[in-house]
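This report refers to the structure that appears directly beneath it.
The values are calculated or read from the model by the stated rules, or taken from the named source; none is laboratory data. Everything quoted here is computed from the prediction, not taken from an experiment. Methodologically, a virtual Cβ is constructed for each residue, glycine included, from the backbone with ideal geometry; neighbour enumeration extends over all protein chains shown. Only protein heavy atoms, including side chains, enter the accessible area calculation; ligands, DNA and RNA are left aside. Shrake-Rupley method; radii C 1.70, N 1.55, O 1.52, S 1.80 Å.
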Amino acid sequence: MTNNTKETLCVSADVKTALKRNRPILAMESTLIAHGMPYPENKEFALSAMSIARGLNVVPAVVAVFDGAVHIGIQEDQIVRLAKGKNIVKTSVQNTSYVLSTKQPGATTVSAAARFAHLAGIHVLATGGIGGVHRGAETTFDISQDITELSKSPIVIVSSGAKAILDIPKTLEALETASVPVVGYRTSDFPAFYSRSSGCSIQTQLESSEEIASLFRLHRKLEMSSSILVANPVQKRDEIPKREMDDYVEEALKECNKNNITGKEITPFLLNYIVEITGGRSLKTNVSLALNNVRLGSKIASAISVQKG
Ligand code: PSU
Ligand code: MN
């Protein structure tokens, strides 16, 4: 952090103390709270995520924008404000400065959360699923900034793969182009968010948080600039199998086209529409996978903090 970033990056007291003492910290993005899930489940999710991290002796650091500053580590009242979702701007790297300059409240996507977590000195971030290459990107050019940012912020990002609404083979190609190592946690099949399997295989499979921490240590020693993307499949009891999911995604994409939804509105629209047509089942899956990523992310953060050199 430099003097320039001091006023615009507001690190909470507990995160500051943890940074000083080399205690484990887990950053979390907040778009999934404000735009990815409905109220009040999103609030319950965020509060459970924070208590799961704390229960594992890890300091949670939700990243969000308030009062013209990027906050690393927010309190319950701010979580509630995000969850109620009134006029919360979806904030990626591209529009962060604008959101700050207009003093609007903002929820950070993976791209912005990863960038600012890294700037603050945090090594691990948890999310649900990263953004990626959208279906039809060959004509729309819609590729999430998450991919670009993952090539620039050297931290570990724990996800359940990429959202099922995306083109997963193209997303994996784009990640390779961005030099992002993709690690399957106990799997060699890239997960598809709601489903444990996308049918696309990945070359790197690791079995423990310690192994992931060691890989990250080497990655940093080599001064790599990219993130390491950990793909952690949703627990079996909560998954919606791919063949079933394919129909829901198809239907949601049709509705999206019908309503002329474009750009950054696409992801929240599809996620919320899928919650409706699955009668809330996809929401249960989303919460489960995101909490599971918080658990694994906390363990990786702990393993990193005990490693020396
Ligand atoms: N994962 C979820 N729900 C979400 C998202 C991820 O479970 O809402 C968000 C993340 O913040 C991710 C963003 O960075 O969607 C990507 O949006 P876009 O496709 O517009 O780049
Ligand atoms: Mn997009």
Could you pull out every residue, at least 5 positions away or on a different chain, whose amide H is within less than 5 Å of the one on Val11? Hs are placed 1.01 Å off N in the peptide plane, and Pro or chain starts have none. Ile72
Gain in span if fully extended, Ile277 to Phe141, counting 0.36 nm per residue against the direct Cα distance: 46.2 nm
Could you give log10 I(q)/I(0) at q = 0.21, 0.25, 0.28 Å⁻¹ for the stretch 115-172, computed by the Debye formula over C-alpha point scatterers of equal weight, without solvent? -0.80, -1.00, -1.14
To check you understand DSSP bridge types, tell me what percent of the beta bridges within the chain (both residues inside) are antiparallel, rounded to 5. 30 percent
Take the stretch 209-257, compute every pairwise Cα distance, and split them into 5 Å bins from 0; I just need the percent in each bin. 5, 15, 14, 12, 10, 11, 12, 12, 8, 1
Determine the dipole magnitude for the chain: charges of +1 sit on the beta-carbon of Lys and Arg, -1 on that of Asp and Glu, nothing else is charged, the reference point is the Cα centre, and the result goes in debye to the nearest 20. 960 debye
Mind grabbing the base-10 log of I(q)/I(0) for the stretch 140-208 at q = 0.17, 0.21, 0.24 Å⁻¹? Debye formula, identical points on the C-alpha positions, no solvent, two decimal places. -0.59, -0.92, -1.20
Would you check the accessible area of Leu56, probe 1.4 Å, heavy atoms only, in square angstrom rounded to 10? 70 Å²
Which whole-number percent is the relative contact order of the stretch 42-180 (Cα, under 8 Å, 6+ apart)? 19 percent
Whole number please: convex hull volume per residue of the Cα set in the stretch 157-309, in Å³? 111 Å³
State the Cα centre-to-centre distance between the stretch 185-259 and the stretch 48-89 in whole Å. 24 Å
Within the chain, what whole-number % of the accessible surface is contributed by carbon and sulfur, with the 1.4 Å probe and all protein chains included in the calculation? 50 percent
Residue-normalised accessible area of the stretch 3-308, expressed per residue, 1.4 Å probe, Å²: 44 Å²
In straight Cα distance, which aspartates and glutamates are under 14 Å from Lys16, not counting same-chain residues fewer than 8 positions off? none
Working from the pairwise distances between different alpha carbons, so that the mean of 1/r is found and then inverted, what is the stretch 57-109's Kirkwood radius in Å? 11.1 Å
So, taking all protein chains as they sit and a 1.4 Å probe, how much accessible area belongs to Cys10, in Å² rounded to tens? 50 Å²
For Ser197, the residues 5 or more places away or on another chain with a placed amide H closer than 5 Å to its own amide H are Ala192, Lys242
For the stretch 138-148, take each phi angle, set θ = phi - 60°, evaluate the Karplus expression 6.51 cos²θ - 1.76 cosθ + 1.60, and give the result in whole Hz per residue in order, putting x for glycine and proline. 5, 9, 8, 6, 7, 10, 4, 4, 3, 4, 4
Bin all alpha-carbon pair distances of the stretch 269-309 at 10 Å intervals from 0 and give each bin's fraction as a whole percent. 27, 30, 21, 15, 6, 0
Length-normalised contact order for the chain - Cα pairs under 8 Å, 6+ apart - percent: 19 percent
Under 5 Å between amide H atoms, partner at least 5 residues away or on a different chain: which partners does Val124 have, H built in plane at 1.01 Å? Ala27, Val156
What residue among Ser179, Ser197, Gly136 has its Cα farthest toward the positive end of the dipole of the chain, where the charges are +1 on Lys, Arg and -1 on Asp, Glu, each on the Cβ? Ser179
For Lys103 and Glu44 in one chain, what is 0.36 nm times their gap in residues minus the Cα-Cα distance, to one decimal in nm? 18.6 nm
From the cross-link list Lys20/Lys103; Lys84/Lys264; Lys90/Lys221; Lys84/Lys284, which pairs have alpha carbons spaced over 25 Å apart? Lys20/Lys103; Lys90/Lys221
Rounded to the nearest 10 Å², what accessible area does Glu44 have for a 1.4 Å probe in the complete protein model? 100 Å²
Ranked order, Glu276, Glu210, Glu29 - accessible area, probe 1.4 Å, largest first: Glu276, Glu210, Glu29
More than 28 Å apart: what percent of Cα pairs in the chain qualify? 31 percent
